[in-house]
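The structure appears right after this line, and notes come after that.
Values quoted throughout were computed directly from the atomic coordinates according to the rules given, and no laboratory measurement underlies them. Since we're looking at a predicted model, the values are computed, not measured. Cβ atoms come from the backbone with ideal geometry, glycine included; neighbour counts cover every protein chain shown.
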Amino acid sequence: MVSTGKATLYTNPDRTCPYAARVRIVLEEKNIPYDIESIDLKNRPAKFNELYASINPIPGASSKIPVFVDADGTTLTESAVILNYLEDKYPQHPQLPKDAAGKAKARLFIELLPQTFPAHLYAFMGADPGPEREKQRELFLTSLNAFEALLKNTKLDDGDFVLGTQFSIADAQVAPFFNTVKVLFGKFRNMDIFTTARERKLEHTLRWAEAIYKRDTVTRSLCVDEDLVAHVGHHPYFKA
């Protein structure tokens, strides 16, 4: 953990952490040079624990990723905090509108996002076969409708991203979780998310997803599908 003169993003070795992927997307969007430092969360290095404790002094707090260390030594954790820091520190390629109302729209989307499909993603993946899994499936589909409504209500123009034409930190917040749904539900839950969105006439969700997967900064920041499948297959919450 030696300074290289560039920023450093600490994440897990297979880069499956969606929170770290959020940060990678914005780093790529802003063309900020950075290195990746891999951390095995099952065997955290003492130096990483010390680094984490320097920014989160709460007794008993378990060190986690992502951790971001800027080139000037500024050290942060929590993906939402890091994204806002990057937007404030590096004005190139803005990830928020200039006006206060537009910024508020993006931040409200981020605040409300956990009440949509990310809230039910892991519950569906962790449900036992039978009635409980079917219940979680229906809850997930309902939450996908909520995401559609939130997208529709957030747009500032007729563009395809969360705010419309402008790609923003709001898109970076949700893209890794949508990708998790696409990969894992397709592999383990017999659900193609694009087909599901078409059948449910989720027009804004479809347009947004198609735009996201055409954006290089997003696709090169997401983990490899096979790594995500392998990662979740060994996770204690997962039920085949």
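In this structure the amide hydrogen of Val162, modeled in the peptide plane, comes within under 5 Å of the amide hydrogens of Ser168, Asp171, none closer than 5 places in sequence on its chain.
Find the Cα radius of gyration of segment 154-214, compare it with 2.2 N^0.38 Å by division, and give the number to two decimals. Please report the intermediate quantities before stating the final value.
Details: Rg = 11.9 Å, N = 61, 2.2 N^0.38 = 10.5 Å.
Cα Rg divided by the expected 2.2 N^0.38 Å: 1.14.
Net charge dipole, the chain: roughly 280 debye, given to the nearest 20, about the Cα centre with Cβ charges of +1 for Lys and Arg and -1 for Asp and Glu.
Put a dot 7 Å past the Cα of Thr142, heading toward its Cβ, do the same for Gln115, and the two dots end up 1.4 nm apart. When the helices of the chain are scored as -39500 (n - 2.57) per DSSP H run of n ≥ 4 and the total is divided over every residue, the value at 222 nm lands at -16500 deg cm²/dmol.
Compute log10 of I(q)/I(0) for segment 23-134 with the Debye formula, placing one identical point scatterer on every Cα and leaving out solvent, at q = 0.11, 0.21, 0.23 Å⁻¹, to two decimals. The computed values of log10 I(q)/I(0) come out as -0.53, -1.20, -1.26.
When the C-alpha to C-alpha distance is required to be over 19 Å, the pairs from Lys6/Lys98; Lys105/Lys152; Lys187/Lys239; Lys64/Lys239 that qualify are Lys6/Lys98; Lys64/Lys239. Each residue of segment 109-118 was assigned a 3J(HN,Hα) from its phi angle through the Karplus expression (A = 6.51, B = -1.76, C = 1.60, θ = phi - 60°), giving 4, 4, 5, 8, 3, x, 7, 9, 4, x Hz with x at Gly and Pro. In a fully extended conformation the segment linking Glu132 and Ile36 would gain 30.6 nm over its present Cα-Cα distance, using 0.36 nm per residue. Global dimensions of segment 100-233 from alpha-carbon coordinates: Rg and Dmax equal 14.7, 48 Å.
Could you give the length gained by full extension between Ala211 and Glu50, i.e. 0.36 nm per residue of separation minus their alpha carbon distance, to one decimal place?
On the way: separation 161, 0.36 × 161 = 57.96 nm, distance 4.00 nm.
Gain on extension, Ala211 to Glu50, equals 54.0 nm.
For a quick check: sort Tyr52, Tyr237 by the number of other beta carbons within 10 angstrom, fewest at the front. Don't jump to the answer; show the numbers that get you there.
Working: Tyr52 21, Tyr237 10.
Going from sparsest to densest Cβ surroundings: Tyr237, Tyr52.
FRET efficiency for Lys201 and Thr165, Cβ-Cβ distance as r, R0 = 30 Å, nearest 0.05? In this case the efficiency is close to 0.80. The calculated Kirkwood hydrodynamic radius for segment 7-89 is 12.9 Å, given to one decimal from all distinct C-alpha pairs. Applying the Kirkwood pairwise sum to the alpha-carbon positions of the chain produces a hydrodynamic radius of 18.8 angstrom. The length gained by stretching the chain between Asp88 and Glu226 to full extension, at 0.36 nm per residue less their Cα-Cα distance, is 46.2 nm.
The modelled label-to-label distance between Asp72 and Phe188, using points 7 Å beyond Cα along the C-beta direction, is 4.2 nm.
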